[in-house]
Protein chains: 2
Amino acid sequence: MNTYATIKTQTVEAANGVTYAYRDLGEDGAQRPLVLLQHFRGNLDNWDPALIDVLAAGRRVITFDNRGVGATTGTTPDTVTAMAEDAIAFIAALDLGSVDLLGFSLGSFVAQEIALIRPNLVRRVVLASSAPQGASGMHGWSPQVVAAVGGETASAEGYVGIFFTRPENATAAGRVFGTRTEGHDAPATWSTAVAQYDAVTRWGIPNHALLQRVQGITQPVFVANGDSDPMILPRYSHLLAGLLPDATVKIYPDAAHGFLFQHHEQFAADVAAFLDR
Amino acid sequence: MNTYATIKTQTVEAANGVTYAYRDLGEDGAQRPLVLLQHFRGNLDNWDPALIDVLAAGRRVITFDNRGVGATTGTTPDTVTAMAEDAIAFIAALDLGSVDLLGFSLGSFVAQEIALIRPNLVRRVVLASSAPQGASGMHGWSPQVVAAVGGETASAEGYVGIFFTRPENATAAGRVFGTRTEGHDAPATWSTAVAQYDAVTRWGIPNHALLQRVQGITQPVFVANGDSDPMILPRYSHLLAGLLPDATVKIYPDAAHGFLFQHHEQFAADVAAFLDR
């Protein structure tokens with residue numbers, strides 16, 4: 001049986017000329033495929049393999065590097081809208097039909113934008129550590145967060161400090177960085193990090209008139225976060241749940257940005273219950 | 001020992017010329033007095049005496065009829081802002097200094113407005129079944145809600161249907177209407193109901209630019225609702241918690257608009273923990 005830590009990376013060329021690297025786990029069944037959208041500076045290897053394996057026990061799960069990230073060709077764009085267009089091109093290239101989306105952090109912004117640009121492509125949406133465009137107080141991240149994960153050389157200590165509340169809760173970091181032994185993805189470059197940071201910062205330019213945008217997402221949405229996420233505060237998950245027409249929200253205890261890896265079994269069960277209900 | 005069902009109604013004349021009816025239970029201690037702000041068409045008798053008694057076990061609790069309501073003189077105004085000004089005049093008349101506020105439904109809109117108009121009067125705020133001004137989708141209540149509680153003659157069945165999910169959960173309705181045997185308050189008049197409905201409807205005129213207003217409430221806020229409130233949907237509690245700078249939110253299970261009466265012991269314990277922390 002395939003596992004996320006051993007499955008090979010594949011490639012597909014899309015109509016936009018980009019060759020996307022992706023991994024495809026689990027089986028097509030009664031459910032739509034679940035397409036995952038990755039966080040700032042993350043590549044295929046940055047998904048916790050334990051989380052992907054349990055998600056893929058019940059459905060087909062697809063991870064991919066968006067344009068310019070990791071092993072995917074092209075240049076990383078600096079807006080969430082362009083990233084959404086690139087993700088739509090990837091989904092079209094795989095001929096998946098409509099899909100479920102699970103977006104994490106920056107990927108959750110992209111998921112919102114896909115649902116707004118191409119609603120009939122999207123059946124249901126999971127937003128992990130998310131925020132609506134224009135919310136006040138999330139512009140550019142705090143200096144502590146930028147110092148931890150925004151430098152030209154990313155450190156394991158910085159990652160663990162943002163993703164987990166305490167070292168005892170950071171078991172998943174070992175899984176992310178230590179499970180795969182061959183066939184690693186290419187790391188995200190510094191120019192990718194700069195472009196993605198610009199996109200995140202633009203998303204956070206305060207403008208309450210833009211909060212109305214997510215009312216256009218009429219699909220069911222599951223909004224989730226850790227109770228102590230320093231990167232995207234949990235109050236933005238409540239804000240999304242208040243603005244979206246059909247949302248449920250869950251805040252996971254004693255958890256930071258990596259709550260979905262730390263609580264991977266509970267989170268996957270909650271996602272499965274939401275997608276299958 | 002005094003209980004809310006037996007304590008006498010008092011009156012005080014404020015600088016605005018209005019003579020306010022109020023009830024004053026519990027003792028001044030280390031805590032600030034807790035002033036309660038009542039729901040649409042509610043008077044002093046519409047507070048669940050069991051809830052007030054348990055709240056007053058740890059602090060001084062004051063209920064009152066705002067201008068034109070029940071036994072208080074004057075004409076009920078048709079804006080939340082005017083209601084907030086009237087409440088401020090009452091608090092000043094009792095010479096309470098700064099207070100904690102617990103606003104329920106329409107009273108929660110008034111509580112927000114008091115905190116915005118006179119921040120140094122307010123230490124902490126509890127918003128029960130609340131929503132921020134300008135949120136989409138809450139304009140004028142649903143036809144079912146208006147039919148149940150908005151008619152010229154209010155019915156017990158209508159009240160129970162809006163306040164409780166099932167008749168089995170409506171024990172508190174018996175407490176509200178059946179515990180006090182003498183010294184009842186005057187009922188709210190039809191002209192009070194009309195003015196209050198206008199105020200609620202104006203509050204609900206959709207305008208997302210107004211969502212920014214509650215960022216001015218920098219005090220800690222506890223936002224609470226029932227999971228099945230048909231009058232003010234629980235997603236507006238999430239919305240408030242996402243917009244307020246310092247809020248916590250709790251949604252009570254199997255409960256509608258009267259969740260704070262149905263779950264009076266748990267709600268009072270949560271309020272006490274919030275006010276005393």
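For the stretch B:221-234, taking the residues that are away from every other protein chain (no Cβ under 13 Å) and not aliphatic (A, V, I, L, M), the one that is surrounded by the most Cβ atoms within 10 Å (Cβ to Cβ) is identified as B:226.
For beta carbons closer than 6 Å, sequence separation of 6+ or different chains, a first residue in the stretch B:197-211 that is within 14 Å of chain A (Cβ to nearest Cβ) and in contact (Cβ under 8 Å) with a residue 60 or more places away in the chain and a second that is open to solvent by 70 Å² or more (accessible area, probe 1.4 Å) and in a helix (DSSP H, G or I), the qualifying pairs are B:208/A:212. Total residues in the stretch B:237-255 satisfying the condition of being crowded, with 23+ Cβ neighbours inside 10 Å and hydroxyl-bearing (Ser, Thr, Tyr): the figure is 1. Answer yes if at least one residue in the stretch A:232-240 is in a helix (DSSP H, G or I), closer than 30 Å to residue B:133 by Cβ, at pLDDT 95 or above and among the aliphatic types (A, V, I, L, M), and no otherwise. Yes, some residue in the stretch A:232-240 is in a helix (DSSP H, G or I), closer than 30 Å to residue B:133 by Cβ, at pLDDT 95 or above and among the aliphatic types (A, V, I, L, M). Looking only at the stretch B:235-277, filter to residues that are charged (D, E, K, R), in contact (Cβ under 8 Å) with a residue 60 or more places away in the chain and over 17 Å from residue B:166 (Cβ atoms); which one of those is nearest to the other protein chains (Cβ to nearest Cβ)? Applying the filter and picking the extreme gives B:276. Taking first residues from the stretch A:21-47 that are more than 28 Å from residue A:192 (Cβ to Cβ) and partners that are polar (S, T, N, Q) and open to solvent by 10 Å² or more (accessible area, probe 1.4 Å), the Cβ contacts under 8 Å between residues at least 6 apart in sequence or on separate chains come to A:32/A:98. Checking every residue in the stretch B:53-74 against the condition of being surrounded by 16 or more Cβ atoms within 10 Å (Cβ to Cβ), under 17 Å from residue B:182 (Cα atoms) and among the polar types (S, T, N, Q) gives zero matches. On inspection, residue A:209 does not qualify as part of a helix (DSSP H, G or I), touching a Ser or Thr at 6+ places or on another chain (Cβ under 7 Å), farther than 18 Å from residue A:158 by Cβ and among the aliphatic types (A, V, I, L, M).
Which residues, taken from the stretch B:135-181, are surrounded by 14 or more Cβ atoms within 10 Å (Cβ to Cβ) and of a type in the set (Lys, Arg)? Listed by number, the residues that qualify are B:175, B:180.
Please indicate, with yes or no, whether at least one residue in the stretch B:108-123 is surrounded by fewer than 23 Cβ atoms within 10 Å (Cβ to Cβ), in a loop (DSSP other than H, G, I, E, B) and without any contact (Cβ under 8 Å) to a residue 12 or more places away in the chain. There is no residue in the stretch B:108-123 that is surrounded by fewer than 23 Cβ atoms within 10 Å (Cβ to Cβ), in a loop (DSSP other than H, G, I, E, B) and without any contact (Cβ under 8 Å) to a residue 12 or more places away in the chain.
The values are calculated or read from the model by the stated rules, or taken from the named source; none is laboratory data. Bear in mind the structure is a predicted one, so any value in this text is a computation, not a measurement. Every residue, glycine as well, gets a Cβ built from its backbone with ideal geometry; the counts of neighbours run over all protein chains shown. Surface areas here come from the heavy atoms of the whole protein model, side chains and all, with no ligands, DNA or RNA. Shrake-Rupley method; radii C 1.70, N 1.55, O 1.52, S 1.80 Å.
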